[in-house]
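*Asks:* Have a look at this one before I ask anything.
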Amino acid sequence: MKLGIIKERKNPPDRRVVLSPSACEKMLSLYPELIIKVESSSDRFFTDEDYISKGIEVVNDVSDCDVLLGVKEVPVEYLIPNKKYFFFSHTIKKQVHNRKLLQAILLKNIEFYDHELIVNQKGQRLVAFGKYAGIVGTYNAFRTYGLKYNLFQLPKASQLQDKQMLVSELQKIKLPNIKIVLTGKGRVGKSAKEMLESIDLREVSVDEFLNKTFNEPVYTQIDVLDYNKRKDGKVMGELDFFTNPTEYKSDFMRFAKVAEMYIVCHFYGSGSPFIFTNEDAKNKNFNIKVVADISCDINGPVASTIRSSTIQNPIYGYDPITAKEVDFKNNNAIAVMAVDNLPCELPKDASEGFGQSFMENVIPAFFNNDKDGILFRARMTQNGKLTPRFNYLQDFIDGK
């Protein structure tokens, strides 16, 4: 089998890659029948020379490869007909801006596998960049705080090489005695907590967070039943929340009254209550002044996230009174960090971590007849048609 690593062509350029030079070298040693070619690129964190030094062939044309691996959406004009492709297509939720991409995939008879659909039998994702979103987003939360209050200046994460360099910069700063609330305990939330622990920030219980004062900065990590409650006052379990989200309302204001910073890492499900609304933010007791929205749901559960921001300009201000964008340094403004492609700021670590998972979970399926159904579940198109699991997209493709 010939495997091709394609050049990322979406703008702004993405410096990540599915397989690092070391990952390619390891794969070739594990699968002697495998051939890997890398399409030349000046944008990747790993250079052409890095691949060549590991004995990997770098070429300008990968059209002779059977399977093509990328990260972001491939521009329609660069799709090679009759190939197998892996990348993030952002189409499974019927995202209108990528309708033409999915139409082209079918028209060009491409067998397409979406990274987002690489899951185990329980539906749990096996390859993802979420961990690195949590790492970079948490770093950016402190950078935003320092800039808003002119307390310290951290370099942009994109100027640093890896997680350890981010941690080293954070260890240099002196924080006031602020309270930080973190929502989410999944992959992203765990990595955010990992960053907080790396700088020895003290974790406190919900009760302590809400009722005590401290002579040091502290944080609490909360889950859905900490910041939501049933409208009828009944106390049920998490399963009830996920089964009946419309029966709940937000109870986040009790945290917003005492916290200065909010790090957003939770998954927002359809029908769930908004965490805080514009009306909540107008409340004179609303105390949060920095929101690092790593989840980045626009005009969704976090009222201050009115748009995504960019790596180049990661921070904007939200005026709770007008619900409009303002300078983030304004006294009344909530400073919002809502970069929607955070792992791009840590391309080395993100690529190596993603590649390790891809090597362990996906590559074997090509050589063991897909005995665990990894490829079967991730395959969206085959023979110019949607596969049965994705027939729900047909109306979307037809423009209906």
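*Asks:* Is it true that some residue in segment 366-384 is farther than 22 Å from Glu73 by Cβ and in a helix (DSSP H, G or I)?
*Replies:* yes
*Asks:* Report yes if Ser250 is surrounded by fewer than 16 Cβ atoms within 10 Å (Cβ to Cβ) and either in contact with a Pro (Cβ under 9 Å, 6 or more places away or on another chain) or among the small types (Gly, Ala, Ser) (or both), otherwise no. Steps first, answer last, please.
*Replies:* Values: surrounded by fewer than 16 Cβ atoms within 10 Å (Cβ to Cβ): no; either in contact with a Pro (Cβ under 9 Å, 6 or more places away or on another chain) or among the small types (Gly, Ala, Ser) (or both): yes.
Taking the combined requirement at face value, the residue does not satisfy it.
*Asks:* Quick one: which residue in Thr387, Thr381 is surrounded by fewer than 21 Cβ atoms within 10 Å (Cβ to Cβ) and not assigned by TED's automatic domain parsing to the domain that holds Tyr262? Show your work before the answer.
*Replies:* On the way: Thr381 fails: surrounded by fewer than 21 Cβ atoms within 10 Å (Cβ to Cβ).
Just one listed residue meets the conditions, Thr387.
*Asks:* In addition: Of all residues in segment 42-62, which are crowded, with 21+ Cβ neighbours inside 10 Å and of a type outside the set (A, V, I, L, M, F, W, C)?
*Replies:* Across segment 42-62, the qualifying residues are Arg44, Tyr51.
*Asks:* Do the conditions hold for Ala292, that is, is it over 28 Å from Leu210 (Cα atoms), crowded, with 20+ Cβ neighbours inside 10 Å, modelled with pLDDT of 95 or more and under 21 Å from the mean Cα position of the chain (by Cα)?
*Replies:* Taking the combined requirement at face value, the residue does not satisfy it.
*Asks:* Out of the residues in segment 47-74 that are under 21 Å from the mean Cα position of the chain (by Cα) and not acidic (Asp, Glu), state the one that is farthest from Ala23 (Cα to Cα).
*Replies:* Checking each candidate, the answer is Val74.
*Asks:* Then there is this: Tell me which residues, restricted to segment 222-247, are touching a Gly at 6+ places or on another chain (Cβ under 7 Å) and either within 18 Å of Val264 (Cβ to Cβ) or buried (at least 16 other Cβ atoms within 10 Å of the Cβ) (or both).
*Replies:* Correct list: Pro245 only.
*Asks:* Find the helices (runs of 4 or more DSSP H) located wholly in segment 63-170 whose residues include 1 or more that are surrounded by 20 or more Cβ atoms within 10 Å (Cβ to Cβ), in contact with a Cys (Cβ under 7 Å, 6 or more places away or on another chain) and among the small types (Gly, Ala, Ser), and list them.
*Replies:* Correct list: 130-148.
*Asks:* Here is a further query. So the check is Cβ under 6 Å with 6+ separation or different chains; which pairs have a first residue in segment 203-221 that's of a type in the set (Ser, Thr, Tyr) and modelled with pLDDT of 95 or more and a second one that's buried (at least 16 other Cβ atoms within 10 Å of the Cβ) and assigned to a helix (DSSP H, G or I)?
*Replies:* Going by the 6 Å Cβ cut-off, the qualifying pairs are Tyr219/Leu196; Thr220/Val206; Thr220/Phe209.
*Asks:* Considering only segment 321-344, I want to know if a residue exists there that is surrounded by fewer than 20 Cβ atoms within 10 Å (Cβ to Cβ), without any contact (Cβ under 8 Å) to a residue 40 or more places away in the chain, of a type in the set (S, T, N, Q) and in contact with a strand residue (DSSP E or B) (Cβ under 7 Å, 6 or more places away or on another chain).
*Replies:* Looking through segment 321-344, at least one residue is surrounded by fewer than 20 Cβ atoms within 10 Å (Cβ to Cβ), without any contact (Cβ under 8 Å) to a residue 40 or more places away in the chain, of a type in the set (S, T, N, Q) and in contact with a strand residue (DSSP E or B) (Cβ under 7 Å, 6 or more places away or on another chain).
The values are calculated or read from the model by the stated rules, or taken from the named source; none is laboratory data. Every value quoted in this text rests on a predicted model; they were computed, and no experiment measured them. Cβ: placed from backbone, ideal geometry, glycine included. Neighbour counts: every protein chain shown.
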